[in-house]
Amino acid sequence: MLGGDALGGLIDAKGQIRAPWRPVINAMRAIGPDEFAARAAALDRRAQYESPSGSVQSQRLDPIPIPLMDYEFATLADAIAERAEFLADILDDVYGAQSWIADGSLPGDPLFETPQFIRQLAHQPGFTAPRLASYAVDLIRCPDGSFRVLRDHTDHAPGLGLALAIRRFVADVMPELFGTVTLASQRPVTETLQDMLHLLATGGPIGLIAGADADMTDTRLLARQLGGTVLRPDDLSCSGGVLRLRTLAGSTPVHLLLRQASSLSIDPLEQGGAPSNGVPGLFRALRNNALTMLNIPGSGILQLPDFKSCFSNLFYRQHGRPPQLKDHDTTSLGGIDADQAPIAIRLAQDGAAARFEFAAITLRLYALRIDGVWRVLPGGLGHATRADGSALIKDIWVIDSGNRDAGEPDRASRGPAHRSPPRIARKVAMDLPSRLADDLLWLGRMVERLDGAARLLAIALPRFVDASNLPHEAAQRESLAACLVSAKLVPDEITGPFLSARRLHESLARSKPLSRLLADIRRLFDHCGERFSVSMRRIIEGALDQIPQDLNDDSRTFTACMQFVATFNGVIAEDASRSGGFVFLEIGRRLERAEALAETLTVLLAGSLARLDPSLTLAIELADAQLTYEFVNAGPLLAETAIGLLIGAADYPRSLTFQTESLAIGLRRIGALDQAAVADRITVDLRSLSGAIAAGDSVDLGGPLKHCIVTLETLADDLATQYFAPIPPSRQVEEPQQTAAPPVEAARSTD
């Protein structure tokens with residue numbers, strides 16, 4: 001029996017702590033209960049920082065690892081590799097000759113009745129990769145030291161991304177543990193896997209397709225470890241039997257997908273269901289061997305209980321002996337006398353000594369099929385289940401005992417430690433999905449829209465609350481009402497001479513414009529959160545959390561919104577690349593600010609320059625340009641000077657010319673030279689307009705500003721058409737898609 005000479009997980013037959021646990025227990029005792037509780041909280045925070053923005057951490061991480069000795073793990077790894085190979089053979093037979101179903105070794109009825117069996121992929125001559133390429137197994141250790149299988153995970157390997165990252169998290173908060181032992185490295189397995197994936201990708205992206213049911217935290221961690229790109233179904237399309245990804249450089253073929261999504265609706269063309277849940281034509285690309293997918297859809301049938309009960313008998317018939325790993329009768333820990341491990345350290349009731357709290361554990365280990373050989377990752381995830389049903393996730397250690405002969409191969413990793421063959425170099429810049437760039441652009445726009453709305457409301461509401469009948473204040477309230485309508489903060493119906501603070505508050509309470517803007521910002525930030533570093537996300541999310549939850553239309557809310565925008569823009573200015581995907585965020589910011597400023601000036605500066613004093617004051621206040629104007633002109637408010645500052649000052653960050661110049665710079669960085677030329681023409685026109693006003697010419701500001709707004713809107717539409725427009729659904733499957741790539745500069749512009 002596997003592990004029969006082991007005597008439990010923590011304590012041996014003599015009541016002594018087993019060798020793997022001794023350094024861990026000693027380190028825990030040295031740390032103490034109070035410090036350990038603080039380290040556990042720090043580990044949760046560390047893991048949360050790596051999670052997608054807005055995600056809720058459903059399971060906590062535990063700093064105490066589960067140690068195994070290398071000789072113990074090597075035997076276990078051989079048994080897991082044996083089981084994975086056997087399950088792969090079953091899968092090939094079920095989707096091929098079905099000989100074991102024909103002779104009654106496997107039940108046919110549950111197979112053909114379950115939706116997990118993908119008939120469209122049965123009886124295929126062969127794929128570019130095996131049907132089962134990644135495998136995870138949940139194990140328990142019984143009191144006699146033997147391991148039993150609770151569950152097999154053959155659809156995909158859940159938690160693999162976290163398993164590759166958790167050791168880094170624990171090392172950050174518990175460095176004392178790592179100075180006491182030498183651990184078997186996971187790098188030989190992961191780096192060899194990376195090499196194989198790059199070869200299968202043939203120079204293209206390593207795509208991780210994630211559906212609505214995918215664990216995005218685990219998916220993003222896995223993408224970072226493997227150098228992959230997280231893709232959603234709407235990033236992809238099939239044309240001419242080839243899977244294509246729409247990137248900033250045009251439509252590019254995708255030859256490799258790691259499936260993190262369910263296989264039940266991954267191809268709605270052949271399986272039915274909503275097209276947004278999958279990629280129409282994906283199965284055709286698989287059958288044409290134009291695509292490699294790990295694991296191939298339908299591999300989850302091996303998880304059916306009716307199949308699991310047949311594994312042991314079928315293995316005995318094939319090999320003449322029982323498998324090294326036997327199945328447990330159930331897949332739940334309820335009623336199982338399973339091994340327990342420490343999960344916490346607390347003071348005893350007398351306060352004189354520390355004691356450990358224990359919980360039943362399962363071990364999830366991972367096997368990966370690399371170049372035809374199953375290699376078991378030396379590490380994994382432990383799941384400790386408390387009495388109340390809550391769970392903790394633990395790192396699994398494989399401790400080097402130092403007793404292995406120099407010439408003995410590494411049985412745990414089952415392969416050479418060096419990287420062979422070398423990676424295929426590829427341009428990561430070509431892999432940025434247009435959906436991600438679109439999200440970044442709209443994130444920039446929404447942040448600027450929130451800033452403009454908060455500034456406008458902060459200035460407008462006090463004037464309606466403390467309203468007087470002075471003519472210039474009445475004129476300002478009328479202008480502010482028009483600005484509120486132009487910014488779509490209030491409906492046009494409530495404006496007029498009888499607009500009051502009460503009606504304004506009621507309208508804002510119904511429409512909740514700030515709440516909608518903040519919801520859009522959080523959604524977009526979550527969608528493109530993988531492009532932000534941990535520190536950037538911490539700062540931005542912290543600023544978002546400072547905005548009051550109730551979002552009352554008062555000065556405290558408006559100030560918090562503006563503080564968030566200032567923090568966001570500061571982080572982007574200091575931490576983000578001036579090129580790459582973040583250039584789209586900058587383009588979005590400048591587009592939004594230019595359009596909003598031009599619309600506001602159109603409302604406020606209509607009419608004769610000699611009669612603009614109340615509106616000019618508002619325009620200067622909305623642009624936060626009071627001090628700047630005083631430095632430029634120490635005297636009374638002059639229309640020519642104020643308008644020149646708001647429109648033509650190239651060195652003032654809130655002027656209209658500054659926005660169009662910055663917009664042109666960003667457009668050139670992504671290779672959008674035609675759109676950059678349009679932005680340059682807008683800048684020339686604005687400078688001419690500002691010069692004419694400064695010269696005292698009679699100028700109608702309304703016409704040029706409206707032309708500026710229309711031109712900016714057309715430019716935004718052209719940009720969306722070139723980079724972000726989806727492929728028409730009627731052309732997704734059969735008709736070849738001819739996509740003209742933008743200039744070479746676009747390829748250099750992405751992340």
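Output the residues belonging to the stretch 357-389 that are part of a loop (DSSP other than H, G, I, E, B) and either crowded, with 16+ Cβ neighbours inside 10 Å or out of contact with any strand residue (DSSP E or B) (no Cβ under 8 Å at 6 or more places or on another chain) (or both). Spell out the reasoning first.
Here is the first cut: in the stretch 357-389, the residues part of a loop (DSSP other than H, G, I, E, B) are 371-372, 386-389.
The answer is ASP371, GLY372, ASP388, GLY389.
Go through the stretch 490-531 residue by residue and tally those that are buried (at least 18 other Cβ atoms within 10 Å of the Cβ), part of a helix (DSSP H, G or I) and of a type in the set (A, V, I, L, M, F, W, C).
Our first condition is that a residue be buried (at least 18 other Cβ atoms within 10 Å of the Cβ); within the stretch 490-531, this holds for 490, 495, 499, 504, 507-508, 513-514, 517-518, 521, 524-525, 527-531.
Checking the rest, the ones that are also part of a helix (DSSP H, G or I) come to 504, 507-508, 513-514, 517-518, 521, 524-525, 527, 529-531.
Still in the list and also of a type in the set (A, V, I, L, M, F, W, C): 504, 508, 514, 517-518, 521, 524-525.
Of the residues in the stretch 490-531, 8 are buried (at least 18 other Cβ atoms within 10 Å of the Cβ), part of a helix (DSSP H, G or I) and of a type in the set (A, V, I, L, M, F, W, C).
Within the stretch 287-304, does at least one residue satisfy the condition of being within 18 Å of ALA210 (Cα to Cα), in contact with a helix residue (DSSP H, G or I) (Cβ under 8 Å, 6 or more places away or on another chain) and in a helix (DSSP H, G or I)?
Looking through the stretch 287-304, at least one residue is within 18 Å of ALA210 (Cα to Cα), in contact with a helix residue (DSSP H, G or I) (Cβ under 8 Å, 6 or more places away or on another chain) and in a helix (DSSP H, G or I).
Test ASN313 against the criterion of being at pLDDT 85 or above and within 22 Å of ALA367 (Cα to Cα), and give yes or no.
On the way: at pLDDT 85 or above: yes; within 22 Å of ALA367 (Cα to Cα): no.
Answer is no for this residue.
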Take the conditions closer than 27 Å to ALA210 by Cβ and surrounded by 18 or more Cβ atoms within 10 Å (Cβ to Cβ) and apply them to ARG537. Does it pass?
yes
Among the residues of the stretch 690-721, the number that are over 17 Å from THR600 (Cα atoms), part of a helix (DSSP H, G or I) and either in contact (Cβ under 8 Å) with a residue 60 or more places away in the chain or in contact with a helix residue (DSSP H, G or I) (Cβ under 9 Å, 6 or more places away or on another chain) (or both) is 9
Of the conditions (1) in contact with a strand residue (DSSP E or B) (Cβ under 9 Å, 6 or more places away or on another chain); (2) under 19 Å from ALA88 (Cα atoms); (3) not polar (S, T, N, Q), the single one that ALA122 does not satisfy is (1)
Of the residues in the stretch 203-215, those that are buried (at least 19 other Cβ atoms within 10 Å of the Cβ) and either among the hydrophobic types (A, V, I, L, M, F, W, C) or without any contact (Cβ under 8 Å) to a residue 12 or more places away in the chain (or both) come to ILE206, LEU208, ILE209, ALA210, ALA214
- Query: Do we find a residue being in contact with a strand residue (DSSP E or B) (Cβ under 8 Å, 6 or more places away or on another chain), modelled with pLDDT under 90 and farther than 25 Å from ILE266 by Cβ anywhere in the stretch 69-81?
  - Reply: yes
Of the residues in the stretch 176-231 that are among the small types (Gly, Ala, Ser) and assigned to a helix (DSSP H, G or I), the one that is nearest to ILE64 (Cα to Cα) is ALA223
Pairing a residue in the stretch 108-129 that is assigned by TED's automatic domain parsing to the domain that holds TYR95 and of a type in the set (A, V, I, L, M, F, W, C) with any residue that is surrounded by 10 or more Cβ atoms within 10 Å (Cβ to Cβ) and in a loop (DSSP other than H, G, I, E, B), where Cβ atoms lie under 6 Å and the two sit 6 or more apart in sequence or on different chains, gives LEU111/PHE117; ILE118/PRO297; ILE118/GLY298; LEU121/GLY298; ALA122/TYR95
Output for Cβ contacts, cut-off 6 Å, separation at least six or different chains, first residue assigned by TED's automatic domain parsing to the domain that holds ASP520 and closer than 17 Å to ILE459 by Cβ in the stretch 544-559, second polar (S, T, N, Q) and at pLDDT below 85, reads none
When the stretch 648-667 is checked residue by residue, the ones that are part of a helix (DSSP H, G or I) and modelled with pLDDT under 90 are GLY648
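The values are calculated or read from the model by the stated rules, or taken from the named source; none is laboratory data. This structure is a prediction, so every number in the text was calculated from the model and none was measured. Cβ: placed from backbone, ideal geometry, glycine included. Neighbour counts: every protein chain shown.
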